[in-house]
Structure formats: C-alpha cells, structure tokens
Amino acid sequence: MTAPAVSVAGIREEHNEMMQAEATYFKPLKVSVLSYSFHGLFNAGMMDIFGFFETCKYRYHLDTADLWNAMFASTEDDYIKKVCSALEDRQLKVPNIACDGCHILAAGKDDPAKLKADQDRYMQIAKQIGAGFVRFDAGPYDDGRGATAPWTNQEFDFLVNRYRELARFAYDNGFKVGAESHWGPEKYWPNMEKLIKAVDHPGFAICVHISGWAGTQEEIDFADKASAPYTAHTHFAWNICEGPLVEKMLNLKDANYQGYYSVEQHSGHNEYNLVSAQLAKVTAVLTNWTRGGSGELYEPEEKRNKDVPW
C-alpha cells in the first residue's frame, strides 16, 4: 500500500502561518543595557562601541543599544557615520545616550564654554543616530554641597533656561533631553521635581537611576513612584534586579511608562554574565506582564493565567 504523498507546499504554508501567529503574539520587549555596564572591558581595551553593538545584537538578542558617551572614540562626523552604519547594519535602536562630562552647571576647573559645546555636539549626534533621549546631568559636580542641598537661585535660573533651550531642539527633532537621579542636587526628588516643573517643556524629561535618590528609604521609595510620570528612560542596577524589581517596574507600568527598561552593571568584572542575569530578570517580568501575570519572577501556579499554556 502506497503512503499518501506529503505536500511540501502545504507544510511550508502551515509553518509560515504558525510563525506569523507567534510573531503577532510576541511583541518586542522594551529592554536595553547601558554600555557603561562593560566599562571594565572597555577600560581594559577589550570592548569598543562596535563590540558593544555585537554584544547587544548577537549575545543578548536585543534590538537596542543604550549608549554611554565615553565609548565614542570620536565625535567627528566620519566616526559618527560609522556608528550610524553599524547601528543600521544590526537594526539597533538607541533609546538613550548618557553623557558624562557634559553637565549643565560648571564648577571648579570646568570650562563652561566646553561644556556647552559638548552638549550641543551630542544633541546633533542624537539627532543623527535617532536617539530617544539624551541625559545631561544638571551639576555642579563635586563642589562639596550635600545631595539634598538645593541649587542657588542663580544656578536654578541658568539650569531652567539651558534645559529649555535643549528641550526645544530635542522636541523639534523627535527626541527628549533631561537630567538623571545621578549626583548632586538632582539626586534629591524635591530638587528634581522643582526643575521639571520649571522647565515645563514636552522635550524635557528625566532618566531615573532606580532608587538612586538621596534621602531616607521612605523618601527614596516615594521618589521612585512620584518621578515615574516624568520619566523617559531608566537604569536598573544589580541591587534592584536582585531586590524590589517588580515593585519598581510596576511604578513605571502604572504611570503608563513608554520607555525602555535598561539594566546597568557597575562591578567592572564578570560583566557578560552579570548583565545576562540582570537582563533575564527584567525580561521575565515584562514577559509575565504580556501573558496577563502580575510580574512576579516566580509566579505560583494558582496565580498564573490559565489561558496561556506555558
């Protein structure tokens, strides 16, 4: 007895339909990793910006590259064109450029003219590579004041005017710019909130280094939640990924956060593996949400969405 002929075309059509259904169900997760996470490898001469792109695309299978400006070997046009080409080749988006050494307020040996020139140059680079957000710390840097101390009236007026100027350019070119809960007075939520409300521009937002705020634990927890509606980008350090990750991510989700959940590793050693662990935990929460779950990293069976069989 002859077996019925198998239609290769029919199998292929069925396979294509299955793949299309899966592609429709699974949406890209808004996950990224800041290139500062590999500062140990970078400082040892073992990774450059192009190696970082390879790492994002082929080691972690991301569609993003969250950039730390120290990895730019140059800001000259020829080099930036190579960066653009490398991003396009790998189909990578840039959700953020974290710009160190480009803070707004000068102090000590800072050259105000150079700070402004560097800010302007990175704004042009952000436009060229299609970045979603650019972070310039407010400053001043390391002038001895405590983190909860406010800016002077003169400093504050300068900050507001400069950020508003940068925000206009960013808004006109399809991205946002702002400060981060990073160091100095911007680390204290009452200071940052005052700045946000004074700048009052749709091109201005903030990057939140989750729980990087100054103050008591109660103040820090409050700041993480209160800042969520103004947040364009985030960085999740190891202590958060190993601790209150779901709670901190829910603060953002509940505020209808539209940005990326980006991980940042600070150790300077074993970076590939530690970043992988952080990404896995953030991805687990996001995946759980897409399946109707609460976001718990290990959800008990009785709480699982029974409509999803895996």
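What follows is calculated from the coordinates using simple rules that are stated; it is not laboratory data. Since we're looking at a predicted model, the values are computed, not measured. Every residue, glycine among them, receives a Cβ derived from its backbone with ideal geometry; neighbour counts consider all protein chains shown.
A Gaussian network model of the chain, with springs between Cα atoms under 10 Å, assigns the largest mean-square fluctuation among K30, K114, K93 to K114.
To the nearest ten degrees, helix 217-226 and the longest principal axis of the Cα atoms of the chain are 70 degrees apart. If R0 is 30 Å, the Cβ-Cβ spacing of N161 and E219 corresponds to a FRET efficiency of close to 0.60. Contact order for the stretch 232-291, expressed relative to its length and based on alpha carbon pairs under 8 Å spaced 6+ residues apart, stands at 42 percent.
Taking the longest Cα principal axis of the chain as reference, the axis of helix 271-290 is set at about 70 degrees. Debye calculation, C-alpha points only, no solvent: report log10 I(q)/I(0) for the stretch 30-288 at q = 0.08, 0.11, 0.13, 0.16 Å⁻¹, in the same order as the q values. Calculated log10 I(q)/I(0) at the listed q: -0.29, -0.56, -0.81, -1.27.
The modelled label-to-label distance for the pair S276/A70, using points 7 Å beyond Cα in the direction of Cβ, is 2.4 nm. Axis of helix 245-254 versus longest Cα principal axis of the chain: the two differ by about 80°, to the nearest ten degrees. The calculated FRET efficiency for S294 paired with F50, based on their beta-carbon distance and R0 = 45 Å, is about 0.70.
Judged by a Cβ-Cβ distance under 4.7 Å, the unpaired cysteines of the chain are C56, C84, C207, C241.
Working note: 222 nm ellipticity from helices only, DSSP H runs with n ≥ 4, each -39,500 (n - 2.57), summed and divided by the residues of the chain, gives -13500 deg cm²/dmol to the nearest 500. Available extension along the chain between K194 and R90 is 33.4 nm, counting 0.36 nm per residue and deducting the alpha carbon span. Give me the percent relative contact order of the chain, please, defined on Cα pairs under 8 angstrom at least 6 residues apart. Contact order relative to length: 17 percent.
With +1 assigned to the C-beta of every Lys and Arg and -1 to the C-beta of every Asp and Glu, and no other charges, what is the dipole magnitude of the chain about the Cα centre in debye, to the nearest 20? Write out the running numbers ahead of the final one.
On the way: 31 positive and 43 negative charges, 77 e Å.
For this selection, approximately 380 debye.
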